[in-house]
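Rule-based calculations on the coordinates, nothing more; no lab input. Fair warning: this is a prediction, and the values are worked out from it, not measured in the lab. As a convention, Cβ positions derive from the backbone with ideal geometry for all residues, glycine included, and neighbour counts pool all protein chains shown.
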Amino acid sequence: MRHEFFANRRNFLKTSALAGTALAGASGAIAQLASSSRPAKSDIAILRFLSALEQIEADLWLQYAELGGVRPESELKVPPKGNGPYTAALANLDTDMPQYINDNTDDEFTHHAFLNAYLESVGAKEVDLGKFATLNGSKADGSSGKKRLTNLMELTVDTSWWGRYRSSTKNPDLDPSFKFPQAVPDLVTNGPFTAIPRDNNDTKSKTQIQAIANTAAFHFGFIEQGGTSLYPTLALRANDPVVLRILLSIGPSETMHFQVWHDKAGNAVAPPFNVTFGKLSFPDLSPTAKPGEDLQTNLIMPEPCPFLDRKFPAVSIIRPVSTDPKIFGAVQAVKGFTDDGLFIGQSQAFFALINELAQEADQATRHCG
Ligand SMILES: [Fe+2]
Ligand SMILES: [Fe+2]
């Protein structure tokens with residue numbers, strides 16, 4: 001376990017993306033790597049959608065980082081110190097949680113800044129959703145109080161990714177209507193629930209703040225498994241080798257995040273922190289409770305499952321990665337985030353733009369090879 005919270009590479013935030021310099025030097029280097037011809041319009045559409053998605057991720061992760069990440073190196077003039085009770089509840093799941101939250105946050109800012117810098121280097125329009133940051137965030141100690149793009153306080157967290165990665169017989173690409181078991185059914189059926197303290201009243205009860213931290217732990221996994229599937233799915237639509245290289249290089253970093261959060265969420269469904277607060281119960285899914293292989297906490301490696309066709313042997317893979325937009329893709333990812341409650345309060349103009357970017361990405365097709 002690492003406890004050195006503020007490694008040097010984190011200075012990235014101060015010196016580039018959020019400070020507004022936007023990787024100016026990197027653009028030139030990236031341009032040298034790019035093909036002599038500009039990537040096709042369809043490749044640009046993929047990158048523009050992903051840039052928007054990364055800005056959404058950065059916005060939500062910054063909210064988690066302000067309250068649970070403890071980041072004195074922050075770009076903010078008055079660096080937040082985190083919210084004590086929330087940070088403590090997250091630390092119950094793993095004492096490295098503040099570090100991991102910081103690092104995941106920084107990674108999202110770099111993904112967004114890089115994609116915009118690359119788009120600019122090939123003469124394409126970058127994406128900035130900043131004007132849609134109009135939502136109120138947390139009023140609890142630690143929050144900067146700035147306006148947000150995303151809403152973490154009315155979430156309906158789909159935890160079916162937990163059962164999906166444990167299934168040995170079903171694959172969402174082959175079984176799109178199958179309902180995978182939910183790790184925490186209450187998060188889907190009894191919500192909405194907040195994943196951050198809305199104000200200091202939410203931090204008074206230890207059980208309540210633990211339930212909020214546990215909700216966040218499952219939300220971290222929900223967000224990052226989305227990126228884990230989205231990058232390979234869109235890579236299958238890309239043509240330009242540099243665009244493909246970008247997708248194949250950023251995508252696995254989402255998977256690295258997901259795997260960490262998958263492990264940490266397991267601590268929210270094992271004694272003694274699998275709490276019950278009001279309508280929200282975190283069941284005991286630890287091996288001693290014998291919840292079955294489709295739910296057990298320590299089975300976090302992807303279970304081999306059918307892939308492409310059931311005539312082939314089961315294989316350990318990312319899922320879904322379908323290129324059928326009815327099953328998965330950019331539009332489905334936006335729908336998943338919308339159903340999650342992440343955009344509650346957003347304007348029609350925001351939904352129009354994000355859906356247009358998603359549709360254009362899903363229309364991309366691969367013609368070479
Ligand atoms: Fe990302
Ligand atoms: Fe991510």
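Considering only Ala133, Ala268, Leu357, and ranking their Cα positions along the charge dipole of segment 8-362 that arises from unit charges at the beta-carbon of Lys, Arg, Asp and Glu, the one farthest toward the positive end is Ala133. A cut-off of 5 Å between modelled amide H atoms, ignoring neighbours fewer than 5 places along the same chain, links Arg148 with Thr134, Leu135, Asn136, Gly137. Other residues lying with their Cβ under 14 Å from the Cβ of Ala270 contribute a combined charge of -1, Lys and Arg counting +1, Asp and Glu -1.
Whole-Hz Karplus values for segment 327-340 come out as 8, 7, x, 5, 5, 5, 5, 5, 4, x, 5, 5, 4, 5 Hz, taken residue by residue from phi with 6.51 cos²θ - 1.76 cosθ + 1.60 and θ = phi - 60°; glycine and proline positions read x. Put in order of Cβ neighbour count within 10 Å, fewest first, the listed residues Arg310, Arg319, Arg237 become Arg310, Arg237, Arg319. In terms of distances greater than 30 angstrom between alpha carbons, the cross-link table entries Lys279/Lys326; Lys279/Lys335; Lys139/Lys290; Lys41/Lys131 yield Lys279/Lys326; Lys139/Lys290.
Each Cα pair of the chain feeds into the Kirkwood radius, which the Stokes-Einstein equation turns, at 20 °C and 1.002 mPa s, into a diffusion coefficient of 102 µm²/s. Once backbone amide H atoms are built at 1.01 Å from N, Ile317 has Cys305 as its partners under 5 Å, excluding neighbours fewer than 5 places away on the same chain. Taking amide H as placed 1.01 Å from N in the peptide plane, the amide H of Ser281 sits under 5 Å from that of Asp186, each at least 5 places away or on another chain. Just report the Cα centroid separation between segment 87-110 and segment 203-240, whole Å. Segment 87-110 and segment 203-240 have Cα centres spaced 13 Å from each other. Restricting segment 94-175 to trypsin sites (Lys or Arg not before Pro) that sit in a DSSP loop and have at most 15 other Cβ atoms within 10 Å of their own Cβ leaves Lys125, Lys139, Lys146, Lys147.
Normalising the average separation of contacting C-alpha pairs (under 8 angstrom, six or more residues apart) by the number of residues puts the relative contact order of the chain at 20 percent.
Counted by Cβ distance under 15 Å from Asn298, the other residues give a net charge of -3, where Lys and Arg count +1 and Asp and Glu count -1. In terms of other Cβ atoms within 10 Å, Tyr100, Tyr86 run from fewest to most in the order Tyr100, Tyr86.
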